[in-house]
Amino acid sequence: MATTQGTTVPPSQSPGLGVPTLVTIDIVVLVVYFLLVLAVGLWSMWKTKRSTVDGYFLAGKSMSWWPVGTSLFASNVGSGHFMGLAGSGAAAGISAVAYEWNGMLMVLLLGWLFLPIYIASGVTTMPEYLQKRFGGKRIQLFIAILYLFIYIFTKISVDMYAGAVFIQQALQWNIYVAVVVLLLITALYTVTGGLAAVMYTDAAQTGIMLIGALSLMGFSFTEVGGWNALLEGYATAIPSVRDPNTTCGIPRDDAFHLFRDPVTSDLPWPGILLGMSIPSMWYWCSDQVIVQRSLAAKNLLHAKGGSLLAAYLKILPFFMMVLPGMISRILYPDEVACGDPEVCTEVCGNPVGCSDIAYAKLVMKLLPSGRLPRGVVIEGRYVRRRWVPLLAIRELGTPTQTALSGGLRGLMMAVMIAALMSSLTSIFNSSSTIFTMDLWRHVRPRATEWELMLVGRMFVLVLVVVSVLWIPVVQASQGGQLFIYIQSISTYLQPPVSIVFLTGCFWKRTNEKGAFWGLFLGLLVGGVRMALDFTYPSPLCYQEDSRPDVVKHVHYLYFSTVLSLLTLVVVVGVSLATEKPRPEQISHLTWFTRFDKVEKSSGALETVETVTSATETEESAEQEIEDREQEKANGETHLQRKVSSEASVRSQSRLKAALYWLCGMERQKEGDSAPQPPLLLDPASSLEEDPCLSHVVDANLIICLSIAVFIIGYWA
Amino acid sequence: MGRATTGILWLMLTLGVVTAQIGKVDRTLPQWLTGIIAVGVFLFLIFVAFLVNKAWCQDSRLETKECECVETTGYAKTRDNYNTSLDTVMNGDDEGAYENMALESVEDKATAM
């Protein structure tokens, strides 16, 4: 996510939009949107079996490429993207899109390089992979807690903040009521449906996001006067009130360049190539939210197809968010690009700058709501029971209201809510996966599948409460740099984890001690820089820069590069100095060993290693084989579920049975064993690809990469 | 040679036109041209890597039955079954020196039907 030019909007202060801004048609559009999403969620509940670990957390590994691809896109693009990318475009030009296009390359890397390893290892969560690869418990727990921390304190908070800004700006609703209602609706299908519901609804929400955002893009281009008008107008988008002695308020010279000066600019090009790639690799290749979606795919080809779809979709944020943000600056320079702290405080409550309101401003000003200022007439009439709006008469001095009215603003509301909800549900589900599979199973190693399912669902509800608790924090952050700090948390904590995953996957010699000390020292150094950043906040535009040299002159992208190198040196050094990893820690857990045959005995030993007694080992091995067969049989048919639910009805009250079905859990079987390990199929067979389709997918990869290289070269 | 000179002169003219603009970061080449050049370089690199991979895989298959030919990021991945079938078709005269009956039989065994 791009770090914008530090603005926070206190949601309690509404900048001059006193009238209720949604009319009936907008409300209707919103209601239709919610019903659509709920319908998709409920349908997906029918479709998949969600009472097993695989079924709930990995959608039964049965997803085809299009839900995988759209879910990757929707989980990534949250409301923070709309606000952040548009705001960065308004404030600093197109450089922020480097994050998006870097992400394109990384998601392809995931599909082709990392995913075969994860599939071969048969894991559900990323900490689990580290545990298998390095052994021991400390890295797994460390990473699990770190991930949960990052999710709760960076991802959830940023999306809640951006969503709250938008809801307050546009809807003027009570923020608590709005958020609680939204979260309850989405929690309904997330808790009951698991990953399958989340992915299918993400697909629907991607469609809505694309339709809405692309139409707003069309409107904004029409308004500003076309492509050339954008290119030329941006340089002159200067607010009328500014300090003439400084450059505050003046748009950057290199606004339309991606690769900027290595020393003096806000995003130096070596930093973009190196310093951005490593955290980006963490996000796309070793973050639970993203990898879990790819793991849910039917087979490797579908996962690659999903990666390709997501990569193609990642081209769009440039056109949907960055350029409209720049257009917003051209159209409303005094508000979006305010240069004077007093003006800024008046406009959006933050003296640093108001670029964050760029997108919201476009939605509110460009899209007519049906309530127009006095002096403008809008006519329409009912034609066969449909309201047909006609042209609004142009009022002098205001932008032309376009012909279509009403409903569009509702659509944009739906878009923002879709972005917010899709990201939040994905984060909820993945956090729940990590908590259940890594932390809970560590505390209670013999937990039955039933218990894990229950815990998984409960944790989602806990996260809903946590999300609501972020709202008072958001409201209290007036004028503060809180959310910039929060974003910097991820920038400084991601590189060490990324390097550990990289060395773990692609170098057979990495061992547990190397990984642990690399992680520890890397996070320590990152934490030190983070503390320095908090103590010496970056100065406002017109203030003098009095920070210590190490903070002032070392750009955070360069620091990220240095941190990665440091972690790499520590990992390599300590690994070479200590003993080699054991063969079962390498077999089918690295790139070079992903085709290794699975040894049944070592597999069974590893999965029951938490269960201490030797007799139980044999028993559960047999039980596993039985359960595995039962799982296979159960996994397919709807009929099986009906039969089992019918059986449960006979022995329990109907209400309980209905509740169980709704929650997607089957009646607790007597003598439930520990959940069987993920099917240890021969990795070679699970990594097998139909050669013809493999050809097609690889060719598509070359095309996608060429397009990415072209657009990066075009805007360089 | 004349064409090259013309090309260079044309480029210099564009340079001259572009540098006449004051206050903007100079673009020495039009944007679409930098894009095309970048794509060209990229495809060339892919081509080179593909050739290297084919040459390397050919050598290593003589020793081992299973060829874990792995190319680096973004290049077409070759697989055992598909690789052998493709190569039996594609191996023309240029690689004929390496082909022998032993290799043929190895390929037959490795092909998973």
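Results, tabulated for the structure shown:
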item	result
Out of A:215, A:240, sole residue that is in a loop (DSSP other than H, G, I, E, B), surrounded by fewer than 21 Cβ atoms within 10 Å (Cβ to Cβ) and not hydrophobic (A, V, I, L, M, F, W, C)	A:240
Test: residue A:58 is farther than 30 Å from residue A:338 by Cα and within 14 Å of another protein chain (Cβ to nearest Cβ)	no
Residue within segment A:156-167 that is under 21 Å from residue A:437 (Cβ atoms) and under 20 Å from the mean Cα position of the chain (by Cα) present	yes
In segment B:32-42, residue farthest from residue A:256 (Cα to Cα) [restricted to those that are within 8 Å of chain A (Cβ to nearest Cβ) and either open to solvent by less than 40 Å² (accessible area, probe 1.4 Å) or not in a helix (DSSP H, G or I) (or both)]	B:42
Listing of helices (runs of 4 or more DSSP H) fully contained in segment A:59-161 that carry 3 or more residues being open to solvent by 10 Å² or more (accessible area, probe 1.4 Å) and at pLDDT below 90	A:79-92
One residue from A:213, A:187 being small (Gly, Ala, Ser) and at pLDDT 90 or above	A:213
Selection status of residue A:351, of a type outside the set (D, E, K, R) and modelled with pLDDT under 85	yes
From A:245, A:174, residue being more than 14 Å from chain B (Cβ to nearest Cβ) and out of contact with any Phe, Trp or Tyr (no Cβ under 9 Å at 6 or more places or on another chain)	A:174
Hits in segment B:43-57 - residues which are within 14 Å of chain A (Cβ to nearest Cβ) and among the small types (Gly, Ala, Ser)	B:49
Unique residue being within 14 Å of chain B (Cβ to nearest Cβ) and either part of a helix (DSSP H, G or I) or open to solvent by 10 Å² or more (accessible area, probe 1.4 Å) (or both) when the list is A:232, A:223	A:232
Selected residue [within 14 Å of chain B (Cβ to nearest Cβ), over 30 Å from residue A:248 (Cβ atoms) and not aromatic (Phe, Trp, Tyr)] from A:77, A:68, A:123, A:107	A:107
Filter result (crowded, with 18+ Cβ neighbours inside 10 Å and assigned to a helix (DSSP H, G or I)) within segment A:564-585	A:564, A:566, A:567, A:568, A:570, A:571, A:574, A:575, A:585
Wholly enclosed helices (runs of 4 or more DSSP H) of segment A:265-321 bearing at least 3 residues open to solvent by 10 Å² or more (accessible area, probe 1.4 Å) and closer than 23 Å to residue A:494 by Cβ	A:277-285
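The values are calculated or read from the model by the stated rules, or taken from the named source; none is laboratory data. This is a predicted model, so every value here is computed, not measured. Every residue, glycine among them, receives a Cβ derived from its backbone with ideal geometry; neighbour counts consider all protein chains shown. We work out accessible area using only protein heavy atoms, side chains counted, and drop any ligands, DNA or RNA first. Shrake-Rupley method; radii C 1.70, N 1.55, O 1.52, S 1.80 Å.
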